[in-house]
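Notes follow the structure.
The values are calculated or read from the model by the stated rules, or taken from the named source; none is laboratory data. Remember, predicted model here, so these are calculated numbers, not experimental data. Note that we place each Cβ from the backbone using ideal geometry, even for glycine, and neighbour counts take in every protein chain shown.
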Amino acid sequence: MQGVESVDLFATKGLEYLLVMGYLVVLIGFWRLLMRPPVRTGPAVRRPGHARVGGWFDVRDGIYFHQGHGWAVPDEEGVATVGMDDFAQRLLGAPVAVELPPVGMRLEEGGRGWSLRFDSKSVDMLSPVGGEVVSVNEAVQASPDLVNQDPYERGWLMKVRMPRPETARRNLLSGKLARAWMADTVEKLRAMRTGELGVVLPDGGVPVAGFVRMIAPENWDEVAREFLLSE
C-alpha cells in the first residue's frame, strides 16, 4: 500500500536479541563483582602451619624444637637444618656476631652449638641434634641480624649430619607438644613481676626485641642462659 512503510521484522528481532544479550553480559559482570571475595587490608594472613603462641612467639609445624630454643628440620638423608627459634631471637635481640662451629666438627645433642656475641658479652646456645657439621650459613655470619629477620628460613645456622635421625626426632618437640611447651614459657613470662613485664610489653603486645636486657639490665646474659638452658 502507498504511504505505508514496510517493517523488517527480522531486523527488529535481531536488535531485541542484541539488547537482551547486552543486558545479560552486564548482569553477569555485576553478579561476579558482588560475589568476589573482599580484599583484605591490614596484616597479611599467616600461612597454614604457623601459630603465634600466646600472641607472642612463632611456633611452626614441621619444625622440631629443643628446650634450649634451638630447632632442627631433618631431611630424608639424615641431615638436619638447625637454627634458633623466635623466642630466642626476641629474648636476646640482634647480635653483633654469630659464631658457628667449623665444618667437620662433631656436636653433641644438648651440648654447645653456637655463640651469639653482643658487644663485650656472648651467649652460648645448645645444639638440638648431635652429629657432624656439614655446612654453615655464611649469610648469617655476614649479616647476623638475619636470625632476627627470618629465624626459621634465611636465618638458619648450620646443617648437621645425624647418625640416628629417628632418635633425634624423638628427643625434640613438634606440633602440639611444641605449642604447649611454648605456651608454658609464655605463662612463665606473664608470671613475672608487673614492673618487669611492663618494660617488656610497653604496649601490651609482643615482647620487644632483646627484652632480657630490660628484665635484668645488670646480669642479662646470666638470665638469658637460664632461659636457654646453657648455664
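Values computed for the structure shown
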quantity: Close pairs (6 angstrom Cβ cut-off, 6 or more residues apart or separate chains): more than 16 Å from A183 (Cα to Cα) and touching a residue at least 60 places away in the same chain (Cβ under 8 Å) in segment 65-77, aliphatic (A, V, I, L, M) and surrounded by 19 or more Cβ atoms within 10 Å (Cβ to Cβ) anywhere; calculated: W71/I63; A72/A80; A72/V82; A72/V129; P74/A80
quantity: Residue in segment 130-140 that is farther than 11 Å from T81 by Cβ, within 21 Å of the chain's Cα centre (by Cα) and surrounded by fewer than 19 Cβ atoms within 10 Å (Cβ to Cβ) present; calculated: yes
quantity: Residues (at pLDDT 80 or above and loosely packed, with under 15 Cβ neighbours inside 10 Å) located in segment 186-215; calculated: E187, K188, A209
quantity: Residue among L146, L126, L92, L107 that is aliphatic (A, V, I, L, M) and over 22 Å from the mean Cα position of the chain (by Cα); calculated: L107
quantity: Those residues of segment 148-161 which are over 14 Å from W71 (Cα atoms) and either surrounded by 15 or more Cβ atoms within 10 Å (Cβ to Cβ) or at pLDDT below 95 (or both), in sequence order; calculated: N148, R161
quantity: Options A139, A183; residue that is at pLDDT below 95, part of a helix (DSSP H, G or I) and among the aliphatic types (A, V, I, L, M); calculated: A183
quantity: Among the residues listed as D124, D85, D119, D145, the single one being modelled with pLDDT under 95 and among the acidic types (D, E); calculated: D119
